[in-house]
1. Which condition number in (1) assigned to a loop (DSSP other than H, G, I, E, B); (2) at pLDDT 80 or above; (3) closer than 17 Å to ILE124 by Cβ; (4) of a type outside the set (Val, Ile, Thr) is the one that GLY74 fails?
2. ILE108 - would you say it is closer than 17 Å to TYR408 by Cβ, surrounded by 18 or more Cβ atoms within 10 Å (Cβ to Cβ) and modelled with pLDDT of 85 or more?
3. What residue, among those in segment 325-341 that are of a type in the set (A, V, I, L, M) and assigned to a loop (DSSP other than H, G, I, E, B), is surrounded by the fewest Cβ atoms within 10 Å (Cβ to Cβ)?
4. Name every residue in segment 296-324 that is of a type in the set (Ser, Thr, Tyr), in a loop (DSSP other than H, G, I, E, B) and surrounded by fewer than 24 Cβ atoms within 10 Å (Cβ to Cβ), in order of residue number.
5. Tell me which of these ASP357 doesn't satisfy, since it passes every other one: (1) surrounded by fewer than 20 Cβ atoms within 10 Å (Cβ to Cβ); (2) farther than 21 Å from LEU207 by Cβ.
6. Please work out if LYS190 is modelled with pLDDT of 90 or more, more than 20 Å from ILE77 (Cα to Cα) and out of contact with any Pro (no Cβ under 7 Å at 6 or more places or on another chain).
7. For segment 168-202, how many residues are surrounded by 12 or more Cβ atoms within 10 Å (Cβ to Cβ), farther than 30 Å from ILE401 by Cβ and of a type in the set (S, T, N, Q)?
8. Condition first: crowded, with 19+ Cβ neighbours inside 10 Å, in contact with a Pro (Cβ under 8 Å, 6 or more places away or on another chain), more than 17 Å from LYS265 (Cα to Cα) and modelled with pLDDT of 90 or more. Can you find one or more residues in segment 230-242 that meet it?
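The values are calculated or read from the model by the stated rules, or taken from the named source; none is laboratory data. Predicted, not measured: the structure shown is a model, and the values here were computed from it. With ideal geometry, Cβ positions are generated from the backbone for all residues, glycine too; neighbour counts draw on all protein chains shown.
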Amino acid sequence: MNLKFCLIGHTEHTTRNFFSNQGMGEVVHAKKFRQQLINGGYSSGNILDVYELFGTKEQLDRFAEINHSLASHGFQIIDDFPNSELSAAKKHLEADGHIYIVLSYDWILSAVTGLGLHLKAPLITKSYSPTNGRRVHPALYEKSTLVITECLAANIESIKAGIPAWKMLYIPHSFPDSINKTTKDPEYLKKLAKENNKNISFTDKTLVVGMVTRFKQGKNMVPALLAFKKIQKEFPDAIFVLKGGYDGVVEGTVKLKRILKQFLKKMQRESWFLWDRSFNSFPKVLEEFSCFDICVHPSGIDTASNTIVEFMALGKPCLVLEEQTNPYLFKGGVEMIKPASKLRLWNDFHYLTPDIDHLASLFKQYLSDEKLRKELGDRAKDVAQKRFSSEQTLKRIPLLIESALSFYHQLPTQESYRKKIVRQYEEDLELYGIVNNSMTFHPGASIS
């Protein structure tokens with residue numbers, strides 16, 4: 001179908017110039033969603049960076065604050081900010097026949113909605129799974145023709161908040177079909193050891209625990225490394241590969257960056273620790289992931305991790321924190337890490353860290369047993385194929401686009417598409433094994 005799309009989200013411009021909470025992982029998500037449209041047979045325009053659209057981060061924040069404050073108190077948002085303030089942005093977006101798709105958080109959406117896009121063409125927006133201490137604001141989505149999610153937990157909580165079920169469509173993260181042909185990069189570990197000035201002899205007995213993350217509050221790389229350190233002497237052939245780096249200034253505080261630097265400096269003295277600072281392009285990076293024997297993802301702040309999906313699709317046994325949306329997405333395909341009982345507070349919401357003793361025991365359990373690793377890896381691959389294959393994603397893209405056009409133009413097919421979206425939601429709940437449509441946050445977290 002020859003439709004032209006206008007994707008509004010995050011590009012490398014965001015990462016290069018702003019280093020905000022919003023946009024690092026979203027750069028990948030926006031690119032992948034654009035590719036999904038293309039794979040679905042639709043043409044697609046470029047991704048417009050939200051900060052470039054508004055000129056400056058300060059101007060975006062100014063408009064976002066107005067609408068976010070209105071929505072959070074249940075008032076209607078402003079859907080047509082003055083031309084005198086945003087004439088450049090509005091002119092940039094003027095084009096009949098577009099379908100607008102906004103792939104960003106509610107704060108960004110608060111500003112973008114004020115451009116009045118829904119007055120020109122169908123507007124598809126994104127709702128994220130609410131984290132501990134945050135909630136869904138239905139007023140932000142009243143102007144949206146359709147709302148997409150990346151986890152069913154977002155559907156569940158948004159429906160509870162008052163957004164109709166027929167207006168929300170879950171589009172899962174997916175992995176490329178070529179992943180089944182991915183092989184290990186034979187030089188990756190040797191090269192990494194050399195870069196880290198480590199003299200490591202890699203043999204058939206070497207076992208690699210891998211973690212891929214950005215260095216920010218709530219990603220929990222410190223407890224993961226401490227848990228591994230507790231058991232490492234029992235497994236002298238095991239090494240820990242940490243792949244990731246700082247998002248410019250570490251998200252959080254300058255103090256946090258100083259603490260992380262000191263910690264990593266100490267870790268680098270350990271013979272078993274390798275730090276990979278490289279950022280290779282996708283899907284080349286999958287050849288590096290293939291070198292891991294066990295994958296650990298202890299983050300307490302993610303709402304839907306692409307990395308876990310890719311680990312699982314590669315058939316890797318994954319240890320994942322039992323927090324946020326992880327049980328809703330990955331239940332049955334990963335081993336859950338018990339969270340510590342104490343909640344941490346960051347950026348107005350609560351998050352959990354792993355129970356270090358429990359994670360250490362899981363490391364010990366899976367490093368000791370090759371059969372157990374294979375069983376979990378096989379299960380991971382099976383679950384990934386059923387839930388996150390390109391087929392699962394592609395079958396939803398026509399439903400998304402055709403429904404948006406039908407709803408926006410008030411076609412006779414509206415009711416039929418509403419029923420199809422609700423039916424897809426019910427099928428997804430069954431596929432993911434979610435019972436009673438309930439999402440339970442950790443006791444003690446503030447949900448307000």
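1. The one condition GLY74 does not meet is (3).
2. When the stated conditions are applied, ILE108 does not pass them.
3. ALA340
4. Listed by number, the list holds a single entry, THR303.
5. Tallying (1) surrounded by fewer than 20 Cβ atoms within 10 Å (Cβ to Cβ); (2) farther than 21 Å from LEU207 by Cβ, ASP357 fails exactly one: (2).
6. yes
7. Within segment 168-202, residues that are surrounded by 12 or more Cβ atoms within 10 Å (Cβ to Cβ), farther than 30 Å from ILE401 by Cβ and of a type in the set (S, T, N, Q) number 2.
8. no
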